[in-house]
1. Tell me which residues, restricted to the stretch 57-68, are assigned to a loop (DSSP other than H, G, I, E, B), of a type in the set (S, T, N, Q) and surrounded by 20 or more Cβ atoms within 10 Å (Cβ to Cβ).
2. Looking only at the stretch 151-179, which residues are part of a loop (DSSP other than H, G, I, E, B), touching a residue at least 60 places away in the same chain (Cβ under 8 Å) and under 26 Å from Asp129 (Cβ atoms)?
3. If you scan the stretch 85-111, which residues turn out to be assigned to a loop (DSSP other than H, G, I, E, B) and either within 14 Å of the chain's Cα centre (by Cα) or within 26 Å of Thr163 (Cα to Cα) (or both)?
4. One residue is enough: does the stretch 135-144 have a residue meeting the conditions under 23 Å from Ser43 (Cα atoms) and more than 17 Å from the chain's Cα centre (by Cα)?
5. Go through (1) at negative phi; (2) more than 14 Å from the chain's Cα centre (by Cα) and name the single condition Gly131 misses.
6. Kindly indicate the residue of the stretch 99-125 that is of a type outside the set (A, V, I, L, M) and in contact with a Lys or Arg (Cβ under 7 Å, 6 or more places away or on another chain) and also nearest to Gly185 (Cα to Cα) among those meeting that condition.
Amino acid sequence: MPSHRRISARNVALTGLALLAAACGDTTGLPAPFFTNVVDTVSLFALRGTAITQPSAYTLDAAHPVRTDQTTALDFAFDFDSLGAPALFPTGAINLGQFSGLQRSTTAFNAITLAPTGGYIFDKPLALDTGTVVLVRSRPTTCSFGVTVSLYARLRVLSVDSTARRVDFEILVDQNCGYRGLEPGLPKQ
């Protein structure tokens, strides 16, 4: 085969891979998943009224809580809204750009197996209470194979402590680029 045809076929294959990953619906052609999905328990402290040394935000690409004085690479933060209700804030609600999103779910935490691609709130806080289930879409993340997509997670609020200004929740994050699976274990390919 002439070299120009090989390059063309290669570019078509890479473009197809990028479209699949960007759509986040079909995992055909994506690299095999590397990260195992696990449920973790996390505590976040309010952005205001707690020690700056406490984590107030969470990042999906590293799947851990972060301190807002040390990074702006976060996907949501915890605080109390203007009415004093506990809430999660996507990046747009704290003036970091409308990139990450949150969505309340009526489906039980353990029953959620696939993240939706739409319906996320980008610029307003999402009020919480014990038992609230939330779906999270990360800010755009560049994958090792050169495509930029969002990562997805599901979380359930275990408790809110208004005195300590803390929320405890369990979360499952799919850190595999192009995958939306929200079940424990390696995502299905």
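The values are calculated or read from the model by the stated rules, or taken from the named source; none is laboratory data. This is a predicted model, so every value here is computed, not measured. Virtual Cβ from ideal backbone geometry, glycine too; neighbours counted across all protein chains shown.
1. Going residue by residue through the stretch 57-68, those that are assigned to a loop (DSSP other than H, G, I, E, B) are 60-63, 67-68.
From what is left, the residues that are of a type in the set (S, T, N, Q) are 68.
The answer is none; no residue qualifies.
2. Within the stretch 151-179, the subset part of a loop (DSSP other than H, G, I, E, B) is 151, 162-165, 175-179.
Next, only the ones that are touching a residue at least 60 places away in the same chain (Cβ under 8 Å) stay: 151, 162, 164-165, 175-179.
Selection gives Leu151, Ser162, Ala164, Arg165.
3. Within the stretch 85-111, Ala85, Gln98, Phe99, Ser100 meet the criteria.
4. Initial filter on the stretch 135-144 (under 23 Å from Ser43 (Cα atoms)): 135-139.
With more than 17 Å from the chain's Cα centre (by Cα) added as a condition, the list becomes none.
Checking the stretch 135-144: not a single residue is under 23 Å from Ser43 (Cα atoms) and more than 17 Å from the chain's Cα centre (by Cα).
5. (1)
6. Start the filter on the stretch 99-125 by keeping residues that are of a type outside the set (A, V, I, L, M), which leaves 99-101, 103-107, 109-110, 113, 116-120, 122-125.
Adding the requirement that they be in contact with a Lys or Arg (Cβ under 7 Å, 6 or more places away or on another chain) leaves 99-101, 109, 120.
Details: Phe99: 27, Ser100: 24, Gly101: 24, Phe109: 16, Tyr120: 25 Å.
Selected residue: Phe109.
Rundown of residues vs (1) within 15 Å of the chain's Cα centre (by Cα); (2) modelled with pLDDT of 90 or more; (3) in a strand (DSSP E or B), yes/no style:
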residue: Ala9; (1), (2), (3): no, no, no
residue: Leu17; (1), (2), (3): no, no, no
residue: Phe34; (1), (2), (3): no, yes, no
residue: Leu44; (1), (2), (3): no, yes, yes
residue: Arg48; (1), (2), (3): no, yes, no
residue: Pro55; (1), (2), (3): no, yes, no
residue: Gln70; (1), (2), (3): no, yes, no
residue: Ala73; (1), (2), (3): yes, yes, no
